[in-house]
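Peer 1: Please read through the structure below; I'll follow up with questions.
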There are 2 protein chains.
Amino acid sequence: MNDVICTVDTVLLTLGDDGLSVALLKREREPYKGVAALPGGYIHPDEDRHGFDAALRVLKSKTGIDAPYLEQLAAFSGAARDPRGWSLSLAYYALVPHAVIAAAGHPGVKLASVDRLPPLPFDHATIIAAALERLRSKSQYSSLPCFLVGELFTLPQLQRVYEALMGEGLNKVSFRRKMAELDMLEAAEGQMDASSPSRPAQLYRLRPQFRDRLALLKRGL
Amino acid sequence: MNDVICTVDTVLLTLGDDGLSVALLKREREPYKGVAALPGGYIHPDEDRHGFDAALRVLKSKTGIDAPYLEQLAAFSGAARDPRGWSLSLAYYALVPHAVIAAAGHPGVKLASVDRLPPLPFDHATIIAAALERLRSKSQYSSLPCFLVGELFTLPQLQRVYEALMGEGLNKVSFRRKMAELDMLEAAEGQMDASSPSRPAQLYRLRPQFRDRLALLKRGL
DNA sequence: ATAATAGTGTCTATTAGACACTATTAA
DNA sequence: TTAATAGTGTCTAATAGACACTATTAT
């Protein structure tokens, strides 16, 4: 009908020791064989019910990660982006806690700090830039950053995540007011200690209704 | 390679006498021949440099409209949305002043109020709903609504457009403070009168640098 | 002058941030 | 006890909205 190469690419983001990082994999085939690239693959019309399914399948098969926060980013298309011909990539982005990547432990998956990306094939650098912009923008007014922390977390931890994403310090009182306004957290009865030579902080978890959708603020941040 | 049907669909929006409206066209071919649908068509890999180009071409050929505000909305894909098979539609949305549609004057183009849409083929109702959500959301913190008015407009007119999109009245003083903060308007030297049996309002136009990109508010409207 | 809407000055209410103070743990 | 960080009360600053007043036109 019309010979468009249809693929999905996924920007899998996590927050590790050297900040926000993307999962990259060495390509197994030409073009760009051996070059680190976003986990991606062809859409399988006989297997994937829709694009979202395809992104889930690709993530699972290439990184071992199962049910992350996953959202369509945009479609990237054109004659110039792939040497094989006119192509269209459905780009998705996913957020996972750092521990989840370690636990999945797929061999080829390497994390690269978004501030020190290697040269990337196709328009993958553009796709990552778009994902970062989306993540940072949505972090201003939603619970999106919660998907970068584990199931249990403290408010100071969460605030540090927001601060890392938005690149600026946040007022503690305002931050807590906003989290209360979002009304998405519930206190766990345990307490934090481990790392702290100081007062332990209350642990929280996401309330069930916000584990697969976002809580939104009226007036940002 | 993989047999995915690749199309573009465009949600062309305008603000007319009965509120926000979408341009619909009767389909010339099966499936759904004769049914009103979004202007759309196949991607032409030999002709379109990328998806955006395809959307421009489709809009021009089906509605006669030339250089509207045009932005990618999302990709809609899957096995179930088109009886012909697994398909992927790149959806774009466009904003134009009402007068532009009249001036283009393509025969088959009908405007339907978004509150009274006819039954639509494929997932076009979903696509329109997504476009409206995007438009309303971006209107909260950007100059997007300016693309629904003509080249010259008054602040009261612009405020009415914002109010129509957001479905609520806005404070006049705050609205004007925000427009000043956006710093995107320049006064035209003429004055408005025509319709008014009262004081004429100052005419404004978009400053050149905002004619093809958005001005953004820090803290929403 | 009157009616009608444009445009502004200013007061009040709401929201965000600064800052300090109390709380709770480990050593 | 001290050091360190969690958590909160409260004052101040910034922003948004209410409201009324002046401005400019047609009749």
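The values are calculated or read from the model by the stated rules, or taken from the named source; none is laboratory data. Treat the numbers as computed from the prediction; the structure is a model and nothing was measured. Because the Cβ atoms are built from the backbone with ideal geometry, glycine has one as well, and the counts that use them run over all protein chains shown. When the accessible area is computed, the model is the full protein with side chains, heavy atoms only, and any ligands, DNA or RNA have been set aside. Shrake-Rupley method; radii C 1.70, N 1.55, O 1.52, S 1.80 Å.
Peer 1: Please work out the C-alpha center-to-center distance from the stretch B:79-141 to the stretch B:1-42 and express it in whole Å.
Peer 2: 7
Peer 1: Using the beta-carbon distance between B:Arg84 and A:Glu189 and R0 = 35 Å, what value does 1/(1 + (r/R0)^6) give for FRET efficiency, to the nearest 0.05?
Peer 2: The computed FRET efficiency comes out at 0.05.
Peer 1: Continuing with the same structure: Using a Gaussian network model on chain B with a 10 Å cutoff between Cα atoms, which of B:Arg27, B:Arg160, B:Arg84 fluctuates the most?
Peer 2: B:Arg84
Peer 1: Treat every Asp and Glu Cβ in chain B as -1 and every Lys and Arg Cβ as +1, leave all other atoms uncharged, and give the resulting dipole magnitude about the Cα centre to the nearest 20 debye.
Peer 2: Once rounded to the nearest 20, the dipole reads 460 debye.
Peer 1: I've got another one for you. Roughly how large is the A-B contact in terms of buried accessible area, totalled over both chains, probe 1.4 Å, nearest 100 Å²?
Peer 2: 1900
Peer 1: For an R0 of 22 angstrom, estimate the FRET efficiency from the Cβ-Cβ distance between B:Lys172 and A:Glu133 and round to the nearest 0.05.
Peer 2: So, using R0 = 22 Å, E works out to roughly 0.05.
Peer 1: What does the copy distance list look like for A:Arg207, label position 7 Å along Cα→Cβ, in nm and ordered from shortest?
Peer 2: Computed spacing set for this position: 4.3 nm.
Peer 1: Using a 1.4 angstrom probe on heavy atoms only, work out the carbon and sulfur share of the accessible area of the stretch B:140-210 in %.
Peer 2: Ligands and nucleic acids excluded, carbon and sulfur reach 49 percent.
Peer 1: If you don't mind, another one. Among A:Pro197, B:His44, A:Gly64, which residue has its Cα furthest toward the positive end of the charge dipole of the protein assembly as shown, with +1 on Lys/Arg Cβ and -1 on Asp/Glu Cβ?
Peer 2: Of A:Pro197, B:His44, A:Gly64, it is A:Pro197.
Peer 1: Also, quick follow-up: For B:Leu216 and B:Asp66, compute 0.36 nm times the residue count separating them, minus their Cα-Cα distance, and round to one decimal in nm.
Peer 2: Here the segment from B:Leu216 to B:Asp66 would lengthen by 51.5 nm.
Peer 1: Pick out which of A:Lys110, A:Lys172, A:Lys26 has the largest mean-square fluctuation in a Gaussian network model of chain A, springs linking Cα atoms closer than 10 Å.
Peer 2: A:Lys172
Peer 1: Another one. Per-residue Cβ counts within 10 Å, from other chains only, averaged over B:85-91: what number is that?
Peer 2: Across the residues of B:85-91, the mean count of other-chain Cβ atoms within 10 Å is 4.
Peer 1: GNM, chain A, Cα, under 10 Å: largest mean-square fluctuation among A:Ser174, A:Ser21, A:Ser87?
Peer 2: A:Ser174
Peer 1: Which of the lysines could be linked to B:Lys110 by a straight reach, that is with a Cα gap under 25 Å, when you skip same-chain ones fewer than 8 residues away?
Peer 2: B:Lys26, B:Lys33, B:Lys60, B:Lys62
Peer 1: Mind listing the label-point distances from B:Glu168 to the same position on all other copies, shortest first, one decimal in nm, points 7 Å along Cα→Cβ?
Peer 2: Copy-to-copy label distances at B:Glu168, shortest first: 2.5 nm.
Peer 1: Starting from the amide H of B:Val35, placed 1.01 Å from N in the peptide plane, find each other amide H under 5 Å away whose residue is 5 or more places distant or on another chain.
Peer 2: B:Arg27
Peer 1: Follow-up. Can you give me the solvent accessible area of B:Arg177 with a 1.4 Å probe, rounded to the nearest 10 Å²?
Peer 2: About 150 Å², ignoring ligands and nucleic acids.
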